[in-house]
Amino acid sequence: MGLKMALNRDYVGREFEPVVYKVTEQAISNYAKAYGDNNYLYQNCTMAPPIFSVVYELPMLEKAWHAEGLHGGPEEAKRNVLMLVHGEQQMQFFKPIKAGDTITAVAKVRDIEDKGSGEVVNFNVISTNQNDEKVVESDWSLFFRGIGSGKKPQKPAGKKPKADPVGELQLAFRNIIRIREGITYDYAEASNDKNPIHIDEKVARAAGLKGIILHGLCTMAMTMQGIIDSYCAGDPTKLVRLGVRFSSPVYPGDTLISDGWEMGSKNGTTVLGFEVQRKSDGVKVIKGGLAEVNI
């Protein structure tokens, strides 16, 4: 069977209706507990974990990526969404989100890219609080497998592959992340990410996976937790930017190793590079990780 029709480019630049979300202590506590973060600032609801905004961003973006007009019809939408995986996530943190905040989030389609074996939809979401202060800006790259031109995108001439930094630079931190059984159900509930590939074995296998996989954002949250605990002395307000590229599925029962190194300074912050690999086979599940922290 050949590749399917491309996504509708008329959606590029489209802005969706704003969503208003009231932050509660329970939602903060539930989210942190779902991925195993016991930071006292979250448990006392002094502030939410930096990437907490995904709790309200996910439902609004889910409506957008299910839109029949984006895919060309209801059958196309159903098929494409089954083959959806999270490619990259970039987040910048301006002010902590706190219990009692009223957040207004606005999402738009930044662009749609043909990757040959599929297409990527890039969403941008900007969140402001009740004081009209910008709190978070998120960029989501969502990959729909099996649609598009089938042609591999051309790489710029003369561009050499990046060398593997691990082993070349001194480690700034190393964290061990253990993925417990059942975590996908807890994270699905707390994050509002009910994609069935995370909670339904049959659907996951129908999507071409070996079984239920961990949410990419949960892997990101656990990696964030390690950076905050080991490099920021447990202070989440020091983290100002976090970005990852999800490169391989993570399964319940996996043990991951997160390695990070200092890359220099930028605008008064320390820039960290990091990657995460599965311990059992060395497969990298996060590549090109980047964090900026105020120290």
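What is the distance, in nm, between label points placed 7 Å from the Cα along the Cα-to-Cβ direction at Gln170 and at Gln43?
3.4
Name the most mobile residue of Ala48, Ala207, Ala233, meaning the one with the largest mean-square fluctuation, in a Gaussian network model of the chain with Cα contacts below 10 Å.
Ala233
For a footprinting-style exposure proxy, rank Phe173, Phe52, Phe93 by other Cβ within 10 Å, fewest first. Intermediate values should be presented prior to the final figure.
Values: Phe173 17, Phe52 26, Phe93 23.
Sorted ascending by nearby Cβ count, the order is Phe173, Phe93, Phe52.
At a 10 Å Cβ-Cβ cut-off, how would you order Lys194, Lys266, fewest neighbours first?
On the way: Lys194 13, Lys266 10.
Neighbour counts put them in this order, fewest first: Lys266, Lys194.
What ranking do Glu76, Glu68, Glu275 get, fewest neighbouring Cβ atoms within 10 angstrom at the top? Display every interim value, and only then the final one.
Numbers: Glu76 17, Glu68 13, Glu275 22.
Exposure proxy ranking, most exposed first: Glu68, Glu76, Glu275.
Using θ = phi - 60° and the Karplus relation 6.51 cos²θ - 1.76 cosθ + 1.60, list the HN-Hα couplings for segment 183-198 in order, rounded to whole Hz, with x at every Gly or Pro.
Once θ is set to phi - 60°, the couplings for segment 183-198 become 5, 5, 6, 5, 5, 4, 5, 6, 9, 6, 9, 9, 3, x, 5, 9 Hz.
Please list the three semi-axes, largest first and in whole Å, of the ellipsoid equivalent to segment 211-282, using sqrt of 5 times the eigenvalues of its alpha carbon gyration tensor. Let's see the in-between values first.
On the way: eigenvalues 120, 31, 24 Å².
The answer is 25, 12, 11 Å, longest axis first.
Compare the Cα positions of Gln170, Tyr21, Pro50 along the charge dipole of the chain (+1 at Cβ of Lys, Arg; -1 at Cβ of Asp, Glu; about the Cα centre) and return the one farthest towards the positive end.
Result: Gln170.
So between Leu209 and Ser265, what do we pick up on full extension, going 0.36 nm a residue minus the alpha carbon distance?
Working: separation 56, 0.36 × 56 = 20.16 nm, distance 3.97 nm.
Using 0.36 nm per residue and subtracting the Cα-Cα distance, I get 16.2 nm.
Just to be sure I understand the model, the point goes 7 Å from the Cα along the line to the Cβ. What's the resulting Ala67 to Lys194 distance in nm?
That separation, rounded to one decimal, is 2.2 nm.
Hey, could you grab the Kirkwood Rh for segment 156-295? Inverse mean 1/r over distinct alpha carbon pairs, Å, one decimal. Present the calculation step by step, with values, prior to reporting the outcome.
Working: mean 1/r = 0.0621 Å⁻¹.
Final number for the Kirkwood radius of segment 156-295 is 16.1 Å.
May I ask which of Lys238/Lys266; Lys95/Lys279; Lys22/Lys63; Lys78/Lys194 have a Cα-Cα span longer than 24 Å here? Could you put the intermediate results ahead of the total?
On the way: Lys238/Lys266 14 Å; Lys95/Lys279 35 Å; Lys22/Lys63 19 Å; Lys78/Lys194 15 Å.
Those over the limit are Lys95/Lys279.
About its Cα centre, what dipole magnitude does the chain give when the only charges are +1 on Lys and Arg Cβ and -1 on Asp and Glu Cβ, stated in debye to the nearest 20? Intermediate results must be reported in sequence, preceding the final value.
Numbers: 36 positive and 36 negative charges, 185 e Å.
Around 900 debye, computed over the chain.
Over the Cα atoms of the chain, how large are the radius of gyration and the largest Cα-Cα distance (Dmax), in Å?
Computed over the Cα atoms of the chain, radius of gyration and Dmax are 18.9, 54 Å.
Determine the equivalent ellipsoid of segment 74-152 by diagonalising the alpha-carbon gyration tensor, then write out the semi-axes as square roots of 5 times the eigenvalues, largest first, rounded to whole Å. Write down the numbers at each step before the final one.
On the way: eigenvalues 203, 33, 18 Å².
Equivalent-ellipsoid dimensions as semi-axes: 32, 13, 9 Å.
For the chain, what does the helix formula give at 222 nm: sum of -39500 (n - 2.57) over DSSP H segments with n ≥ 4, over the residue count, nearest 500 deg cm²/dmol? Don't skip to the end; give the middle numbers.
Numbers: 8 runs with 70 residues, N = 295.
Taking each H run of at least 4 residues, the total per residue is -6500 deg cm²/dmol.
Which distance in Å, rounded to a whole number, links the C-alpha centroids of segment 223-295 and segment 4-82?
Taking the Cα centre of each part, segment 223-295 and segment 4-82 sit 21 Å apart.
Every read-out reported here was derived from the displayed coordinates using simple, explicitly stated rules and does not represent laboratory data. Just so we're clear, the structure is a prediction, and the values are computed from it rather than from any experiment. No Cβ is skipped: glycine too gets one built from the backbone with ideal geometry, and neighbour counts run over all protein chains shown.
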